[in-house]
Every structure is written in C-alpha cells, then in structure tokens.
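FYI, it's all coordinate maths here, none of it is from the lab. Because the structure is a prediction, the values reported are computed rather than measured. Neighbour counts are summed over all protein chains in view; Cβ atoms, including those assigned to glycine, are modelled from backbone coordinates with ideal geometry.
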Protein chains: 2
Amino acid sequence: MEKYHMCPKFESAFELLGKRWTGLIIRTILNGQHRFSDIEEAIPNMSSRMLTERLKELDKEGIIVRKVYPETPVRIEYELTEKGLELENVMDEIQKWAEKWT
Amino acid sequence: MEKYHMCPKFESAFELLGKRWTGLIIRTILNGQHRFSDIEEAIPNMSSRMLTERLKELDKEGIIVRKVYPETPVRIEYELTEKGLELENVMDEIQKWAEKWT
C-alpha cells in the first residue's frame, strides 16, 4: 500500500491559521472591526502586545494590510487582502460546526 | 454603535482545532489512516509522545474514538465520531484556500 503523507500546503496553512488568536483576529476583521482598539475589545482574553505581534505576522503573510489615513488624529485601519477575504468560507464552516457541536 | 464580541462557540472551536497538530491529525484520520503508526508516519515532524497526547484530547472531546479489536496481535484503531466527521467541510475549505494561496 502506498503511504499517505500530509499535503505540505495544508500543513503550512494550518500552521498559520492554527496559531493562537490568529483565527479569532481574522474572524473579527471579517466581521467589520478594522481598528486596533475594536479588534482588541472583541477578543478580551488577548493582550495588546499579542495583538500587535499577530497583526504584524498577518501583514507579512499578505493576509491583511495596515492602512494609514492621514487625518488628525491619524486613523489606522487593518483590512483583509483578497487572500485574507477568501478565508471567509473557512471561518463560516468553523462557525457552523461550532454552533452544532460546542 | 453596539460593540462586537467574539462568539464564544467560535472561540472555543478555534481553541480546540487550532492547537498544534490537531488539525493535521483530524485530516489524516479523515483521509483513511486509522492506526497510530500510520498517522505518525503521515506527519513526520510530530513526535509519538505528542500524537499520544493529542489523540487523548480528541477522544476526551468526543471527536475520535479509540477502538480495540481483540485479535492477535491486538489491533487498535482511531475513528472519527459524527462530531469529528463533520469537520470534513472545515478541512476541505482550508485545503482549497491552501492550494490557492500557499
């Protein structure tokens, strides 16, 4: 019998999305929270420092972009890229499963 | 504006599924690997000790069952419960996203 090996793409996607807080942050931005303070408030158990770190990682991975609007006071918003927006189906399936089973 | 808060069901599902190796183990069992040694072989970077620990957690969560077949030598297999099988859509969406973006 030929041995089965994990698809490396699936593995690396899971490594990214499975990191603590990452899924919740993406979900929160998908739900329309774009400012640091709003994302922070939506996930009360996560520290600000952790949110800063995760946002940097997601930016580096091309899942979000940090937009700076030169207003007074300056406005900074986090938006999902196309890569990030296409995680909506993943998040919806997790939500459906969670509603039923947790 | 009413403040948005993370759905606690989503949060706890993500906490469970996002744990390192858990998603890969579920995916591997969904793909038809039911024995400890076959699951282990499909995920080469994970230690046996970690696999043992994760299988216990998944059993406790009702996502898999450990079946003992009283043969000689005894045969032990890990099978997904209904709760576990219904994660297939989640895994498929992650796979689709991963194929496209990673």
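At-a-glance table
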item	result
Ranked B:M50, A:M91, criterion: other C-beta atoms within 10 Å, fewest first	B:M50, A:M91
FRET E, pair B:L85, B:M50, Förster distance 30 Å, beta-carbon r, rounded to 0.05	0.80
Residues A:K83, A:K60 arranged by fewest to most Cβ contacts within 10 Å	A:K60, A:K83
Ascending list, in nanometres, of distances separating the B:P73 label from those of the other copies (7 Å, Cα toward Cβ)	6.6
For chain B, size of Cβ-based charge dipole, Lys and Arg +1, Asp and Glu -1, in debye	260
Loop-resident sites, chain B, for GluC sites (Glu not before Pro), counting at most 13 other Cβ within 10 Å (DSSP)	B:E2, B:E71
Average partner coverage of A:82-94, which counts Cβ from other chains inside 10 Å	5
For A:R66, A:R54, order by how many other beta-carbon atoms lie within 10 Å, fewest first	A:R66, A:R54
Charge dipole magnitude, Cβ of K and R +1, D and E -1 - the protein assembly as shown, Cα centre, debye nearest 20	500
Flagged links, alpha-carbon separation over 32 Å, of A:K67/A:K100; A:K19/B:K83; A:K83/B:K67; A:K60/A:K96	A:K67/A:K100; A:K83/B:K67
Neighbouring partner chain Cβ atoms per residue of A:16-23, average, 10 Å criterion	5
Cα-only Debye scattering, chain A: base-10 log of I(q)/I(0) at q = 0.20 Å⁻¹	-1.08
Crossing angle, helix B:88-101 versus chain B [Cα axis fit, 0-90 degrees, rounded to tens]	70
Between 0 and 90°, nearest 10: helix A:48-60 axis offset from chain A longest Cα axis	70
CD proxy at 222 nm, helix term only [per DSSP H run n ≥ 4: -39500 (n - 2.57); per residue of the protein assembly as shown; nearest 500]	-16000 deg cm²/dmol
